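Peer 1: Starting off with a structure, shown below.
Please treat every number below as a calculation from the coordinates, not as lab data. Only a predicted model underlies this, so the values are computations on that prediction, with no experimental measurement involved. Note: ideal-geometry Cβ built from the backbone for every residue, glycine included; neighbour counts use all protein chains shown.
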Amino acid sequence: MITAKTKTRRYSARTHIGHVRTVNEDAILALPQLGLWAVADGMGGYAGGDVASQTVIDALAGLPTDLTAPALPDRIRAELHAAHHRIRHEAARHRVATMGTTIILLALAEDHFLCLWAGDSRLYRLRQGRLAQISEDHSVVQAMVAAGQISRTEAACHPQRNQITRAIGIGTDPGVEKRRGAATAGDRFLLCSDGLTSHVDDLGLERLMRETPIDSLANTLIKQALAGGGADNVSVIAVEV
């Protein structure tokens, strides 16, 4: 469990192996001095998913702490692409068929935020008590929802709900997507792997994010996921502006 306070932000972060898995393939990063937080959810099993997620997090952790806000996005993208190729190289070297990881990343600077992501790990924002999902899953079921073939409720229990369409380390290009927006005083951001959203729905997330102190929010959300079954690794970072 990590809790910390910077000049303008407070955050809490935690990752948990869950009740079923024998390896935690998730990895998290908190660099408040850069205004940067990230969650990676690996795939590929032991010596696959855990290696992939840690490769991405290690790449981001090596960013210079004196980077200016304007320079940060390009450096982040460069590190994600470098990690993508390192993962592909490791997969080929070890003859591993699948080695990849999702990434969800939040960067805060002045009065705006930047979200970069690939896969189905998510970023949410709570503003004035209302929760909104900022990222959009790169997944088979999300594509079906967007096409009007199934509803969001049906997507939550669809047999293909765990099939993602983009990941760092998979394919020739990581397909990282970007979204920017305003960040105002009182906003709360939530980065999480699908180990959380598989067990806690949006209404539950909204209530807990609205009512729970930021210092204990990550721990509280993890407990909810574990109480719901903890079938997957679960990682949470909560940041308050």
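Peer 1: Rank these for me by crowding, Ile150, Ile57, going from fewest to most other beta carbons within 10 Å.
Peer 2: Fewest-to-most ranking of Ile150, Ile57: Ile150, Ile57.
Peer 1: For region 169-238, how big is Rg over Rh, using alpha carbon atoms and the Kirkwood form of Rh?
Peer 2: In region 169-238, Rg relative to Rh is 1.05.
Peer 1: Could you identify which residue out of Ile134, Ile103, Ile87 has the top mean-square fluctuation in a GNM of the chain using Cα springs shorter than 10 Å?
Peer 2: Taking springs between Cα atoms under 10 Å, the residue moving most is Ile134.
Peer 1: For a quick check of your reading of the filter: which GluC sites (Glu not before Pro) in region 74-115 sit in a DSSP loop and have no more than 14 other Cβ atoms within 10 Å?
Peer 2: Here the GluC sites (Glu not before Pro) that fit, given the DSSP loop and packing criteria, are Glu110.
Peer 1: Given the C-alpha centroids of region 156-218 and region 29-105, what is the distance between them in whole angstrom?
Peer 2: What the calculation gives is 17 Å, centre to centre.
Peer 1: Between Pro64, Ser151, Val234, whose Cα lies farthest towards the positive end of the dipole of the chain when Lys and Arg beta carbons carry +1 and Asp and Glu beta carbons carry -1, centred on the Cα centre?
Peer 2: Pro64
Peer 1: Among Ile214, Ile222, what is the fewest-to-most ranking by other Cβ atoms within 10 Å?
Peer 2: Ordered from fewest to most neighbouring Cβ atoms within 10 Å, Ile214, Ile222 come out as Ile214, Ile222.
Peer 1: What residue among Leu67, Leu217, Leu191 shows peak mean-square fluctuation when the chain is described by a Gaussian network model with Cα springs under 10 Å?
Peer 2: Largest GNM mean-square fluctuation: Leu67.
Peer 1: Also, I was wondering about something else. Please report the Cα spread of region 2-240 along all three principal axes, rounded to whole Å, starting with the longest.
Peer 2: Computed over region 2-240, the largest-to-smallest principal extents equal 48, 44, 36 Å.
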